[in-house]
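Q: I have a structure I would like to understand better, so I am pasting it below and will then ask my questions one at a time.
Coordinate-derived values only; no laboratory data. Everything quoted here is computed from the prediction, not taken from an experiment. Ideal geometry is used to build each Cβ from the backbone, glycine not excepted, and the neighbour counts take in all protein chains shown.
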Amino acid sequence: MAISLTVNRKARTVDVEADKPLLWVLREDLGMPGTKFGCGAGLCGACTVILNGEAVRSCQTPLSDAAGKDIVTIEGVAASPVGAKVVEAWTALDVPQCGYCQAGQIMSATALLTATPKPSAEEVSAGMAGNICRCATYLRIQKAIAQASTAISGAAA
């Protein structure tokens, strides 16, 4: 079945089953390995992408739910002003340790800061809930979100 998507601002068509998880469509069918497989149950956040502005777990999102919608992956996140600031902050603060979870962390942070440019600590915690970092870089992640928020707010001023 041919299904049309917009991935990182590019129209794409894939001919796969509608119930195939978006994660595997991105990795296998579209050759975009940046979105990681973590737990396969939507619990760790490694597979997070932005679907129509919301962070979603692509391992649990059937392709049919993404059809005709705007998908942003780690490969395209820096094309948006908010995503670019998040990536800059992540790099400046050397956030990753092993790095495996970081694509999902960046995607969740970008969705959070797009919706809430100046989040409170509680909003950061809520927005990043479910993104697990085995290396426990949570303090650096929080600092990077704060730095990106400041940069976004400064850019808007």
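Q: What does the extension gain come out to for K10 and A121, with contour length at 0.36 nm per residue minus their alpha carbon separation? Please report the intermediate quantities before stating the final value.
A: On the way: separation 111, 0.36 × 111 = 39.96 nm, distance 3.46 nm.
Gain in length upon complete extension: 36.5 nm.
Q: Right, here's the next one. In nm², what is the average projected area of the convex hull enclosing the Cα atoms of the chain?
A: The directionally averaged projection comes out at 8.4 nm².
Q: Could you work out Rg/(2.2 N^0.38 Å) for segment 34-100, with Rg from alpha carbons only? Kindly include the intermediate steps, with their values, before the conclusion.
A: On the way: Rg = 12.8 Å, N = 67, 2.2 N^0.38 = 10.9 Å.
So segment 34-100 has a normalised radius of gyration of 1.17.
Q: Right, something else. Once you place label points 7 Å from the Cα toward the Cβ at Q142 and D94, how far apart are they in nm?
A: 2.1
Q: For segment 77-156, I need the span (max minus min coordinate) of the C-alpha atoms along each principal axis, in Å, sorted largest to smallest.
A: Largest first, segment 77-156 extends 34, 24, 17 Å along its Cα principal axes.
Q: Using just the helices of the chain, give the 222 nm mean residue ellipticity in deg cm²/dmol: DSSP H runs with n ≥ 4 each add -39,500 (n - 2.57), and the total is spread over all residues, rounded to 500.
A: Computed mean residue ellipticity for the chain: -11000 deg cm²/dmol.
Q: Straight-line reach from K85: which lysines fall under 19 Å, measuring Cα to Cα and dropping same-chain residues less than 8 apart?
A: Within the straight-line limit of under 19 Å, K85 reaches these lysines: K118, K143.
Q: Could you work out how far the C-alpha centroid of segment 135-156 sits from that of segment 88-117, in angstrom?
A: Cα centres, segment 135-156 to segment 88-117: 8 Å.
Q: Based on the Cα gyration tensor of segment 2-72, what are the three equivalent ellipsoid semi-axes, each the root of five times an eigenvalue, rounded to whole Å and given largest first?
A: In descending order, the three semi-axes are 17, 13, 11 Å.
Q: Roughly what angle does helix 81-92 make with the longest principal axis of the chain, taking Cα atoms, 0 to 90 degrees, to the nearest 10?
A: Tilt relative to the chain: about 60 degrees.
Q: Next question. Enumerate the aspartates and glutamates that K10 could reach by cross-link, defined here as Cα to Cα under 13 Å, with residues fewer than 8 away along the same chain left out.
A: Straight-line reach from K10, under 13 Å: D70, E75.
Q: Net charge around G45, counting only other residues with Cβ within less than 15 Å of its Cβ (Lys, Arg = +1; Asp, Glu = -1)?
A: Net charge in that neighbourhood comes out at +2.
Q: Another question about this same structure. Nearest 20 debye, what's the magnitude of the dipole of segment 2-72 about its Cα centre given +1 on Lys and Arg Cβ and -1 on Asp and Glu Cβ?
A: Dipole of segment 2-72, to the nearest 20 debye: 260 debye.
Q: Please order I152, I106 by the number of other Cβ within 10 Å, starting at the fewest.
A: I152, I106
Q: I need D29, D94 ordered by Cβ neighbour count within 10 Å, fewest first. Please report the intermediate quantities before stating the final value.
A: Working: D29 14, D94 10.
The fewest-first ordering by Cβ neighbours comes to D94, D29.
Q: Related question: What FRET efficiency do you get for C39 and A2 if R0 is 30 Å and r is their Cβ-Cβ distance, rounded to the nearest 0.05?
A: 0.50
Q: Using DSSP to call loops (not H, G, I, E or B), can you name the trypsin sites (Lys or Arg not before Pro) in segment 3-86 whose Cβ has at most 11 other Cβ atoms within 10 angstrom? Could the numbers behind the result be given before it?
A: On the way: sites: R9, K10, R12, R27, K36, R57, K69, K85; in loops: R9, K36, K69.
Those satisfying the criteria are R9.
Q: Could I have the simple spin-label model distance between N52 and S64, label points 7 Å from Cα toward Cβ, reported in nm to one decimal?
A: Label at N52, label at S64, 1.6 nm between them.
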